[in-house]
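The values are calculated or read from the model by the stated rules, or taken from the named source; none is laboratory data. Only a predicted model underlies this, so the values are computations on that prediction, with no experimental measurement involved. So basically every Cβ, Gly included, is an ideal-geometry build from the backbone, and we count neighbours across all protein chains shown.
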Amino acid sequence: MKKAKSIMIQGTASSVGKSLIATALCRIFTLDGFKVAPFKSQNMALNSFITIDGREMGRAQAVQAEACNIEPSALMNPILLKPSSDVGSQVIIKGKVYKNMTAQEYQRFKPVLREIVKEAYEELVSQFDIVVIEGAGSPAEINLKDNDLVNMGMAEIADSPVILVGDIDKGGVFASIVGTMVLLEQRERRRIKGVIINKFRGDVEILKPGLLMLEKMIKRPVLGVVPYLNIHIDEEDSATEYLKFFKNTGDIDIAIIYLPHISNFTDFEPFYEVEGIKIRYVYNIETFGSPDLVIIPGTKNTIGDLLYLKASGLYEKIKKYAENDGTIIGICGGLQILGKKVVDPYGVESDIKESEGLGLLDLITVLEKDKITSQSLIKLENTSYLLKGYEIHMGRTERIGENAIPFSRVLKRGEVECNEIDGYMSLNGKIWGTYLHGIFDNEDFLKELISSLYRKKGLEKTVEVKSFRNTKIAKYDELARAVRSALDINTIYNIMGIR
C-alpha cells in the first residue's frame, strides 16, 4: 500500500508560528508538484470550518488544505475540542459531536482517541505523497506527556521526523529551544532533525554567532531564519495575535464586539481587504466610540457571553447605540444575543438555564442537543441575493413578536433542499442577524453592505471588493516565496527521505 512521506512541525510554545510554517510548507510542496495534505490530530479552537460533507474541523487545517489545492476533510483533524468553560470542552470526533467532557474525563479517554487518530492518519497517508503534520503547544509539557497524541505521541504514530520552531520575536528563543531539547526523552530528541527560528526582525548576520552556538549545543542544524511576516492568514484560535490586528483609518468605522468565547472570527477577514474602512475589536465601553456598524460575532457560550456583556457595561451601551439609530449585525451566537431570551434546557453550553438577551429583536433561542453543521445556501428575503456560507449551531431561533421580520431563508444544506427561515431583522431594517458564517465572503453582498454604510453617512463612494478567494491564494503564494527563501528546503526534503 502506498504511504506518504511526512514532516511534523512542533513548537517550543503556543503561537510560535507552527500553523504558518505548516501552511507555507503545504504550499511549497504543492507548487513543487507533490500531492500534499495537512494533518493535526487534536485541535483546541473555537474557530472551525464545515466540510462539504457537513463535518466540523479546525480552521487551520482547512486553510492548509486550501494551500494544498484540495478539499478539506475531517480526516485532517480527527479530534476538535471547542472549550465551553475553563475545565470543559465539546469533543468533536471525525467532524461530529461526541459529547462534552471535563479535562480529566478527556485524559482518561485518550487511549481510545489514540486509535481513532491512528486510523484517520493511515487513511489519509494512503491518498497523498506528503503529509505535513502540525503539533500543538509544546512537546515538553512534562505533565501532559503521558498518553500524548498531538506532539511526540503523534510523531511516533506517524513515525515522522520533526522540525522544532521557536519564536524569536518574544525573546528567549535560544533558551526555549535548548530547554525543550533537555526536557525531551532521548528517543523523542532523535526525532528532531532541525530547528527553525521564526518571526525575526533585523539583520540575520548579527544572529549568526548565536545560531552556530545553538547548533553545537543541540547537535541539530538551524534550517533557516524566517522573518516576521505581515501576511494575514486565517488563524486557528482567538488566543493568537489575530484579534490584535485592526485597520485604524477609514471613513467607515466597523466595531466588532469582543466576546470571551468568540468563535469563527475569520468571518470578518473580508473586511480587511476593503479599502477605506476602519475595523477594530471593542473590549470595553471606553473603546466603544461612535461606530457606523456594530457586529456581534459567534460564540461557543451564548449565555456566558451575555453575562459578560452585562457585567462589562457593553450590554447597555449596545442597547443605547441601537436606540440612537445604530446599525447592528449578529452572526450565529450574535443573532441569539440580539433576541429577547436564550434558553439552555439541556446544559448544552453551560449550567445556566437561561438569560435575557439584548431584546433588539423579538426572538427566543433554545439550545438543542443536535448540532447543525452544513455548507449552506441562503436567499435574502425579497431580493435576488443568493449567498453561500456554512452553519454551525445548536440553537433554534423563533419569532415571538412583530419586531422580527424574516431576513433570509435557507434553500440548501449540503445537497439537501429546504426552505426555512435563517435570520431576522428589525422593523426599521437597521438590526439583523443570520446563522450563516462566511456571509461576508460573498463579494456582491459585502460591496452593497459597505456602500449602504457610506450612503447612511451621506457619502458617495465606489466600493471596490476584490475576490476573497483570489486574495487568499495570492497570500499563500507570497507566504511560500518568503518561507522558501528563508529555509533550506532541499535539506527538509532529505529529512523526509525525498531526494
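Put simply, of E391, E398 the only residue that is surrounded by fewer than 16 Cβ atoms within 10 Å (Cβ to Cβ), among the charged types (D, E, K, R), touching a residue at least 12 places away in the same chain (Cβ under 8 Å) and in a strand (DSSP E or B) is E398. In the set G497, G458, only one residue is loosely packed, with under 13 Cβ neighbours inside 10 Å and touching a Pro at 6+ places or on another chain (Cβ under 9 Å); that residue is G497. Every condition in (1) free of Cβ contacts under 8 Å to residues at least 40 places away in the same chain; (2) among the aliphatic types (A, V, I, L, M); (3) within 20 Å of L183 (Cα to Cα) is met by A140 except one, and the failing one is (1). Of all residues in the range 294-311, none satisfies being among the charged types (D, E, K, R) and touching a Phe, Trp or Tyr at 6+ places or on another chain (Cβ under 6 Å). Scanning the range 124-149 for residues that are small (G, A, S) and farther than 18 Å from T23 by Cα yields S126, S138, A140.
Only residues that are touching a helix residue (DSSP H, G or I) at 6+ places or on another chain (Cβ under 7 Å) and within 23 Å of R455 (Cα to Cα) were counted in the range 269-286, giving 6.
The residue pairs whose first member lies in the range 278-289 and is farther than 18 Å from I262 by Cα, whose second member is of a type in the set (A, V, I, L, M, F, W, C), and whose beta carbons are closer than 7 Å, counting only pairs six or more residues apart or on different chains, are K278/I252; K278/I254; G289/A255.
Among the helices (runs of 4 or more DSSP H) confined to the range 141-229, the ones with at least 2 residues that are more than 29 Å from the chain's Cα centre (by Cα) are located at 173-183, 186-189, 204-218.
Restricting attention to the range 174-233, the residues that are of a type in the set (A, V, I, L, M, F, W, C) and either in contact with a Lys or Arg (Cβ under 8 Å, 6 or more places away or on another chain) or in contact (Cβ under 8 Å) with a residue 60 or more places away in the chain (or both) total 11. For the range 84-130, a residue qualifies if it is under 30 Å from D32 (Cβ atoms) and part of a helix (DSSP H, G or I), and the qualifying residues are V117, K118, E119, A120, Y121, E122, E123, L124, V125. Inspection of the range 292-305 identifies at least one residue that is more than 27 Å from I405 (Cβ to Cβ), surrounded by 21 or more Cβ atoms within 10 Å (Cβ to Cβ) and touching a strand residue (DSSP E or B) at 6+ places or on another chain (Cβ under 6 Å). Would you mind stating whether R481 is over 21 Å from T365 (Cα atoms), assigned by TED's automatic domain parsing to the domain that holds L25 and without any contact (Cβ under 8 Å) to a residue 40 or more places away in the chain? Yes; evaluated as a whole, the condition is true for this residue. Pairs meeting the criteria (first residue in the range 143-164 and outside the structural domain of E188 (by TED's automatic domain parsing) and closer than 17 Å to G194 by Cα, second residue of a type in the set (S, T, Y) and part of a loop (DSSP other than H, G, I, E, B), beta carbons under 8 Å, at least 6 apart or on different chains) are lacking. Scanning the range 151-169 for any residue that is at pLDDT below 95 and either under 15 Å from T12 (Cβ atoms) or acidic (D, E) (or both) turns up at least one such residue.
Taken together, the residues in the range 479-492 that are buried (at least 16 other Cβ atoms within 10 Å of the Cβ), out of contact with any strand residue (DSSP E or B) (no Cβ under 9 Å at 6 or more places or on another chain) and within 12 Å of F29 (Cα to Cα) amount to 2. Residues that are under 11 Å from S376 (Cβ atoms) and not in a strand (DSSP E or B) within the range 428-460 comprise Y435, L436, G438, I439, listed in sequence order.
Of the residues making up the range 340-358, those that are touching a residue at least 60 places away in the same chain (Cβ under 8 Å) and either crowded, with 23+ Cβ neighbours inside 10 Å or among the acidic types (D, E) (or both) number 1. None of L361, L335, L367 is part of a strand (DSSP E or B), in contact (Cβ under 8 Å) with a residue 12 or more places away in the chain, surrounded by 19 or more Cβ atoms within 10 Å (Cβ to Cβ) and not polar (S, T, N, Q) except L367. The residue that is surrounded by the fewest Cβ atoms within 10 Å (Cβ to Cβ), counting only those in the range 404-427 that are touching a residue at least 40 places away in the same chain (Cβ under 8 Å) and not in a strand (DSSP E or B), is G414.
For the range 289-301, the set of residues classified as more than 25 Å from the chain's Cα centre (by Cα) and more than 18 Å from K430 (Cα to Cα) consists of G289 only.
Determine if the range 462-476 includes at least one residue that is in contact with a strand residue (DSSP E or B) (Cβ under 9 Å, 6 or more places away or on another chain) and loosely packed, with under 14 Cβ neighbours inside 10 Å. Checked the range 462-476: no residue is in contact with a strand residue (DSSP E or B) (Cβ under 9 Å, 6 or more places away or on another chain) and loosely packed, with under 14 Cβ neighbours inside 10 Å. The condition (being at positive phi and not charged (D, E, K, R)) is satisfied by just one residue among G166, G88, G135, G95: G95. Taken together, D351, D362, D370 contain a single residue that is out of contact with any helix residue (DSSP H, G or I) (no Cβ under 6 Å at 6 or more places or on another chain) and at pLDDT 95 or above, which is D362.
In the condition set (1) closer than 19 Å to S84 by Cα; (2) surrounded by 18 or more Cβ atoms within 10 Å (Cβ to Cβ), I277 is compliant with all but (1).
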